[in-house]
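Below is one structure, written out as structure tokens; the observations come after it.
The values are calculated or read from the model by the stated rules, or taken from the named source; none is laboratory data. Keep in mind that this is a model prediction, so the values were computed, not measured. Here the Cβ is made from the backbone with ideal geometry for all residues, glycine too, and neighbour counts use every protein chain on show.
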Amino acid sequence: MLIMRGVFFLLLILLIVAAVLFVDFTYKTFSLKGRDVNTDAIVVLTGGLGRVDEGVRLYKAGKAGWLLLVGVDPSVRKVDLYQDRPGERSSERVILEKSSRNTLENALYSRELILGNKITSIKLITSRYHMKRATLFFRAVLPRDIAIYPHPVDSRNLLPDWWGHSGSIRLLFSEFYKYTMFRLFFLIAPSELRPSPITG
């Protein structure tokens, strides 16, 4: 009886802790705001409505020297996403990355482009619900001296009054679960995905 009571209280405590962490995750997700800052590159994780449009808008406004469109379908051409027009910035520094297929691969393949072009600061664009996990991955794989500025894009999948919308609740909880699992992984192995320093 005492053992059952102990297990019950332990589960109750774990449930309360999980609920508190979920509410904190949700609050921070909705509190994220993009900063009006110029960076070396804009990195767009494609796949969600509005992400590419926002990246192109900021790039054309001169907010970065490079525009990296990451996770693009192999059949998509650069002209499909960025069209050169007289009086606007050319597509010379617009790069399409077509190999990555999930958020972790997005970060790993982006690292190659970022380091290869000596980029020291990025504006990271993805959907609001996805931003905390994406930022976690990019901070885990990039050298610590590269600045990351999250720039969330709102989508119809996530409503501000999420508590009254079952789809938003499922989406938030799914992201919270994934974020928590990977956060624990990076706590256990903080340098597992970071590039090894070059030794002479």
Out of LYS118, LYS123, sole residue that is over 15 Å from the mean Cα position of the chain (by Cα) and closer than 20 Å to LYS63 by Cα: LYS118
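Please list, ordered by residue number, the strands (runs of 3 or more DSSP E) wholly in the stretch 91-200 having 2 or more residues that are in contact (Cβ under 8 Å) with a residue 40 or more places away in the chain. Walk me through it before giving the result.
Details: elements: 94-97, 121-127, 147-153.
Of the strands (runs of 3 or more DSSP E) lying wholly inside the stretch 91-200, those with at least 2 residues that are in contact (Cβ under 8 Å) with a residue 40 or more places away in the chain span 121-127, 147-153.
Results for (1) of a type outside the set (D, E, K, R); (2) out of contact with any helix residue (DSSP H, G or I) (no Cβ under 7 Å at 6 or more places or on another chain), shown as yes or no for each residue.
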| residue | (1), (2) |
| --- | --- |
| LYS118 | no, yes |
| LEU159 | yes, no |
| TRP162 | yes, no |
| ARG183 | no, no |
| ILE188 | yes, yes |
Extreme residue, nearest to the chain's Cα centre (by Cα), among residues of the stretch 28-71 that are among the aliphatic types (A, V, I, L, M) and part of a helix (DSSP H, G or I): VAL52
Identity of the residue in the stretch 9-49, touching a residue at least 40 places away in the same chain (Cβ under 8 Å) and of a type in the set (Val, Ile, Thr), that ends up farthest from SER91 (Cα to Cα): THR26
Matching residues, the stretch 60-88, being at pLDDT below 95 and either under 18 Å from HIS151 (Cβ atoms) or among the small types (Gly, Ala, Ser) (or both): GLY87
